[in-house]
Amino acid sequence: MSNLERNTLPDSGLSTEERAFYARHLTLSDLGLEGQMRLKSARVLVVGAGGLGSPLLLYLAAAGVGHIGIIDGDVISLSNLHRQVLYTIDDIGKPKAEIARKRLQALNPHIKIDIFPNFITNDNALEIIKQYDIIADGTDNFPTRYLINDACILANKVNVYASIFKFEGQVSVFNQLLSDGTCSPNYRDLYPTPPAPDAVPNCAEAGVLGVLPGIIGCIQANEIIKIITNIGETLAGKLLIFDTLEMNSHILKIKKTFNNADIKNLIDYESFCSTLLPHKVPSISVAQLYNLQKNNTDFQLIDVREPHEYDQYNLGGILIPLAEITKNLHNISKEKKK
């Protein structure tokens, strides 16, 4: 028998070590022992252990969520560290899910953590999601957000959503069961159709203020804790928009227009989010580019990355960041192959 088992107090459900760990929670009249026991019994899946996932996971673990799942197939890179505070320089190149579990278990040994060191897909989403009570979406692309949303509808799970862009973040609670027996609006009520694939750049393309995911991830964790402990009012049916530059926030109401029954199965979300492309963009392989250079073909190479990326490594092309293409059309040759 472990020390934790020996030290469990009669009828409390918490060991003496846990009571000390959660002492400040236990003194909260609205949360107390009952709320802490709800947290201990809860099962939360966090999809994405990056910028949003880092603060979210830290505070869920510290709060005592008893069973946490982490799904992320990425490895840690140097450019992650200014916002992904779960990791250090020594972790570069290592799997995020594995390092996150090690860090969280060191923070709170009283909880259980499962990891899925791969990306969420149509093949694994439902099987993983059905094991948890609440799903936290910390992803950064539209196909995955629609996938998580639809899987939560099919599995009847709450989806606590957050997103970040440059200096602004958003948080909402989707598909929460309401007192009248209906479910709150979901991601498809907020975005009935996906934006054009090139309309919203990701963090790598547009950049992001390092503290922003910390703020938004903490709000996301707060919503999850409120749902589990049944305290306060959640963001179900509402969208919180937080601006770090102006230090203001707005809450918008989301109208329920989408019929959840229309989701009967998971679809090809990459294709679904690419339907607004006016035409297929032609592409070439690395080998084809190499042959063009090797054969001294007269072509123009345009690099549409950001200057800091270009400075790190480039292939000798003309630097025109994607957002500045329209202002630099005069620099693009009409005669040369591009």
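The values are calculated or read from the model by the stated rules, or taken from the named source; none is laboratory data. Keep in mind it's a predicted model, so treat the numbers as computed, not measured. FYI the Cβ positions are ideal-geometry reconstructions off the backbone, even for glycines, and counts take in every protein chain you see.
List of remarks:
- So residue 160, is it within 17 Å of the chain's Cα centre (by Cα), part of a strand (DSSP E or B), among the hydrophobic types (A, V, I, L, M, F, W, C) and in the same structural domain as residue 219 (by TED's automatic domain parsing): yes
- Beta carbons closer than 6 Å, at least 6 apart along the sequence or on distinct chains, pair a first residue in the stretch 296-312 that is assigned by TED's automatic domain parsing to the domain that holds residue 324 and of a type outside the set (D, E, K, R) with a second that is outside any loop (DSSP other than H, G, I, E, B) and at pLDDT 80 or above for 302/318; 310/303; 310/319.
- Among residues of the stretch 15-26 that are in contact (Cβ under 8 Å) with a residue 60 or more places away in the chain, those with a Cβ under 8 angstrom from a residue that is among the acidic types (Asp, Glu) and surrounded by fewer than 14 Cβ atoms within 10 Å (Cβ to Cβ), sequence gap 6+ or separate chain, pair up as 15/5.
- Of the set (1) free of Cβ contacts under 8 Å to residues at least 40 places away in the same chain; (2) buried (at least 21 other Cβ atoms within 10 Å of the Cβ), all apply to residue 127 but (2).
- Odd one out for residue 140, checked against (1) within 28 Å of residue 257 (Cβ to Cβ); (2) within 17 Å of the chain's Cα centre (by Cα); (3) not in a loop (DSSP other than H, G, I, E, B): (3)
- The residue of the stretch 30-62 that is nearest to residue 91 (Cα to Cα), among those that are surrounded by fewer than 24 Cβ atoms within 10 Å (Cβ to Cβ) and hydroxyl-bearing (Ser, Thr, Tyr), is 59.
- Helices (runs of 4 or more DSSP H) fully within the stretch 234-338 counting 2 or more residues that are at pLDDT below 80: 286-294, 307-312
- The set of residues from the stretch 253-266 being free of Cβ contacts under 8 Å to residues at least 60 places away in the same chain and surrounded by 12 or more Cβ atoms within 10 Å (Cβ to Cβ) is empty.
- Being buried (at least 16 other Cβ atoms within 10 Å of the Cβ) and either modelled with pLDDT under 95 or of a type outside the set (D, E, K, R) (or both) holds for only one residue in 214, 207, 181, and it is 214.
- Of all the residues in the stretch 207-233, those that are more than 30 Å from residue 307 (Cα to Cα) and in a loop (DSSP other than H, G, I, E, B) number 4.
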